[in-house]
Amino acid sequence: MHGRAADWAANTGTIVWGLSKHLRVRQDAERFAYYRQMLLDAHAWIERTRRRTLTEEYPEVGKGLFPAMVANDNSRDISRVWVMTDAWNVMAYEELTHLLELFDDPEKGRVRQSYEEYKGAMESVLAEVIRNSESDDELAIPSILGVAPTNPPNYWVDFHAAPRLIRSKVIEPKSTMFEQVEAYMRNRGRMQNGLVGSMRTRSRLNNEHRIPGRSYVVPFYRGFHLVRCVAGTR
């Protein structure tokens, strides 16, 4: 699936996630029937793509995840941003599973199995990433497979890691690991009042419609993205 934005590897997963959630919340059987095959075709594409890394040419860590692809607006940046691309795909699989189960679709079992396999592959990567750090007071998780996180954390590379892993349930909210990644941000002054990381955006929209004296920040709260304006701050 393609949108009007940059052709990110996560585009298909985000669309499947959003459409599946919409149809499930509305319990719209007519619209589900209309979009059903499109959703299953998208799921099949994600499955084919991630299974390319099950071959011997790929390292053991990361098998069953997406290969290196464009994961952001920089089309030259080809990498395995597992906390972006794969996390969204896992969330898409979960929502699609719930949708198929709601309408008792014959494909529900197959899609649920693929969801459990994909999530298991993510959990295996996470276990390897945090090896020898399980008992630490804090935990840094890299966004790109094979690339260590920066210290202090960089906005794009590292602030996306733990929040999306929490949101995709690869990291359980009520867990020691949750407390460890939260401590990592707090100990570096990147967390205050439950919000993690603020950044002044420089998007075209904000530049064209910027309100004098206001700074646009993108914080994270317990793994969920929020957007707000904070007056009088930089």
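Subtracting the Cα-Cα distance from 0.36 nm times the residue separation, let me have the gained length for W45 to E128 in nm, one decimal.
Roughly 27.2 nm would be gained on extension.
Between Q37 and M69, what is the label-to-label distance in nm when each label sits 7 Å out along the Cα-to-Cβ direction?
2.3 nm
Which order do L102, L54, L165 fall in if you start with the one that has the fewest other Cβ atoms within 10 Å?
L54, L102, L165
Contact order normalised by length for the stretch 1-130, with contacts defined as Cα pairs under 8 Å and 6 or more residues apart; what percent is it? Can you show the working numbers first?
Details: 158 pairs, mean separation 40.2, N = 130.
Over the stretch 1-130, the number comes to 31 percent.
How large is the dipole of the stretch 63-123 about the Cα centre if only Lys and Arg carry +1 and Asp and Glu carry -1, each at its Cβ, rounded to the nearest 20 debye?
300 debye
Only sites in a loop by DSSP and with at most 12 other Cβ atoms within 10 Å count here; which GluC sites (Glu not before Pro) in the stretch 42-117 make the cut?
Details: sites: E47, E56, E57, E60, E94, E95, E101, E107, E116, E117; in loops: E56, E57, E60, E107.
Those satisfying the criteria are E56, E57, E60.
Relative contact order, percent, of the stretch 11-76 when contacts are C-alpha pairs under 8 Å separated by at least 6 residues?
This gives 24 percent for the stretch 11-76.
Throughout, read-outs are computed from the coordinates displayed, never taken from laboratory work. Worth saying up front: this structure is predicted, and the values here are computed from it rather than measured. Backbone-built Cβ (ideal geometry, glycine too); neighbour counts: all protein chains shown.
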